[in-house]
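The values are calculated or read from the model by the stated rules, or taken from the named source; none is laboratory data. Just so you know, these numbers come straight off a predicted model, no measurement behind them. All Cβ positions, glycine included, derive from the backbone under ideal geometry; neighbour counts span all protein chains shown. Heavy atoms of the whole protein, side chains included, go into the accessibility calculation; ligands, DNA and RNA do not. Shrake-Rupley method; radii C 1.70, N 1.55, O 1.52, S 1.80 Å.
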Amino acid sequence: IVKVIASIGIMISIIGFDKGFVFGKIIPGICLAVFLGHIFIWKVADELKKREKRDDIVALPSAVTAGRLFIWLFSIMLPTYMETGNASLALGAGLGANVISSILSIIVSAISPFLLKIIPNIAIFGGLVGGSIAYLGFSSLKDMFNYPEVSLVCLFTILIINFGRIKTKLPPVLISIFFGIIIGFITKAITIDGISLAFSNIGFNIGGFSPALVFQGIPIAFENISIIFAWSLLEAIVSIQGVQQAISVGDNFSITKTLIGINIISLISAFFLNPFPIGITWGYPTWKEANATSNYGLLIGAIYIVLGFTGLIAVVTAVIPVAAVLPILIFIGLISFQGTLEFTEPKYFGAIALAMLLPIIEFFGGIAGNNMPESLKLLTQGAMIIAILWASVIALAVDGEFKKSGYFFLAGSICSFLGLIHSPIIKFNANMSLTITYLVIGIFMIIFGNSLKKNN
């Protein structure tokens, strides 16, 4: 729910959406999506209980996915609003992106066993970490210093408790928010008048249903297909691993069935004004240890409905300043980075570093706009796909799989020809120079790989 609270602050304070528009339309749609997702997961868990005649199956964690939520906000909805000044159109772009992403995620879920075999994990998580650092870390740092006295205390409270391994009875995030609320009152980042005003948003809001807005937004979203494609692939892999965590402790959920179901719900929720895709998240072993039965998911879904449909989430948002929430996003980005390095052999660090660079270049390219050098603009176009391709090449080369590296260069040639990378728009023959370059390197690497095999 912290992610949703953060998105509210961003939509109102940074993008400039009207409060009534956010609390009356968007938030009910988000909460409905999470609620329906948990009903589906509860049903899947219940079927597994009956099939295996066990009572110890717990709920799969599910929520709005952090990566796509903040990418959608900063890379799709904010630019659309800045260009048009139309909040409905900006929301439509987010809704269209949800539809496209959900469809792509359904396809990825269906072919997940094949993808997991051909794309190295290093490449996937290198891009994911780079995106987290750029869009959670840098973006939050850019916006959180409106109230630095709140944000700095909150940021270093989380970081010192976590990285200093200080044992606390409450999670570091909650302690940080508690300090943020206290300092917020002292510095008047939070005011009684603001909280009183938040109560005016209380009322029964069921959101809306707008296929027209979705179809209006799809062409706008399609202009960002490279970002949508890459992040859909990344988040789909994260969801796959979330289900695999359950399988690792003996609860044999079907990966394909579970992920296709949750993505269908995500797609449907777009028509009920939810712009942010939902998915399976990590954490199953922790829920298993806590004996959080499948009914626990229903409870979470019900809390979302109560907060979202009654407007109570507006009161929560008024009490927790945005400056106290943005440090949490930085924390998530740093934890993603640390976790990736901890579970990665040092020989792959170069591949991860290369993958990280590209989303960071893309982020600063969005800030620089026309001041970005033309040579770097080529790297901001389809940056996440480039990150996966380039990191795959290096990771496979580290393992001596030069022929397979060549196939990823050939994939780069196809992507470049279609405009998925190194091009502002998708079209045939988008960048012939780089298409030929990738093709030539790919052919050379395949020949080189075959030659090495014969010699060895």
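Things to note:
- Residues that are in contact (Cβ under 8 Å) with a residue 12 or more places away in the chain, under 10 Å from PRO275 (Cβ atoms) and aromatic (Phe, Trp, Tyr) occur in segment 64-75; there is at least one.
- Any hit, segment 133-140, residues being surrounded by 21 or more Cβ atoms within 10 Å (Cβ to Cβ), closer than 13 Å to ILE237 by Cα and touching a Ser or Thr at 6+ places or on another chain (Cβ under 8 Å): no
- Test: residue in segment 344-351 that is in contact (Cβ under 8 Å) with a residue 60 or more places away in the chain and in contact with a Phe, Trp or Tyr (Cβ under 7 Å, 6 or more places away or on another chain): no
- Of all residues making up segment 66-98, the number that are under 23 Å from PHE209 (Cβ atoms) and in a loop (DSSP other than H, G, I, E, B): 1
- Counted residues, segment 268-325 - those being part of a loop (DSSP other than H, G, I, E, B), modelled with pLDDT under 90, open to solvent by less than 40 Å² (accessible area, probe 1.4 Å) and over 16 Å from ALA6 (Cβ atoms): 3
- Pairs meeting the criteria (first residue in segment 114-143 and over 25 Å from PHE409 (Cα atoms), second residue at pLDDT below 80 and open to solvent by 30 Å² or more (accessible area, probe 1.4 Å), beta carbons under 7 Å, at least 6 apart or on different chains) are SER132/ILE332; SER132/SER336; LEU136/ILE332.
- Yes/no for PRO148 being exposed (fewer than 14 other Cβ atoms within 10 Å of the Cβ) and either out of contact with any Asp or Glu (no Cβ under 9 Å at 6 or more places or on another chain) or of a type outside the set (Asp, Glu) (or both): yes
- So LEU213, is it under 27 Å from LEU312 (Cα atoms), open to solvent by less than 60 Å² (accessible area, probe 1.4 Å) and in contact (Cβ under 8 Å) with a residue 24 or more places away in the chain: yes
- Residue match in segment 405-418 (condition: buried (at least 17 other Cβ atoms within 10 Å of the Cβ) and farther than 23 Å from TRP231 by Cα): yes
- Checking PHE417, PHE408, PHE444, PHE448 one by one, the residue that is closer than 21 Å to LEU234 by Cβ and in a helix (DSSP H, G or I) is PHE408 and no other.
- Filter result (assigned to a helix (DSSP H, G or I) and either surrounded by 14 or more Cβ atoms within 10 Å (Cβ to Cβ) or in contact with a His (Cβ under 7 Å, 6 or more places away or on another chain) (or both)) within segment 420-441: LEU434, THR435, THR437, TYR438, LEU439, ILE441
- Of the criteria (1) closer than 30 Å to VAL306 by Cβ; (2) in contact with an Asp or Glu (Cβ under 7 Å, 6 or more places away or on another chain), which one THR187 fails: (1)
- Positions within segment 1-42 being of a type in the set (Gly, Ala, Ser) and either in a helix (DSSP H, G or I) or over 20 Å from SER200 (Cα atoms) (or both), in sequence order: ALA6, SER7, GLY9, SER13, GLY20, GLY24, GLY29, ALA33, GLY37
- Residues located in segment 238-269, provided they are over 18 Å from PRO113 (Cα atoms) and without any contact (Cβ under 8 Å) to a residue 24 or more places away in the chain: GLY250
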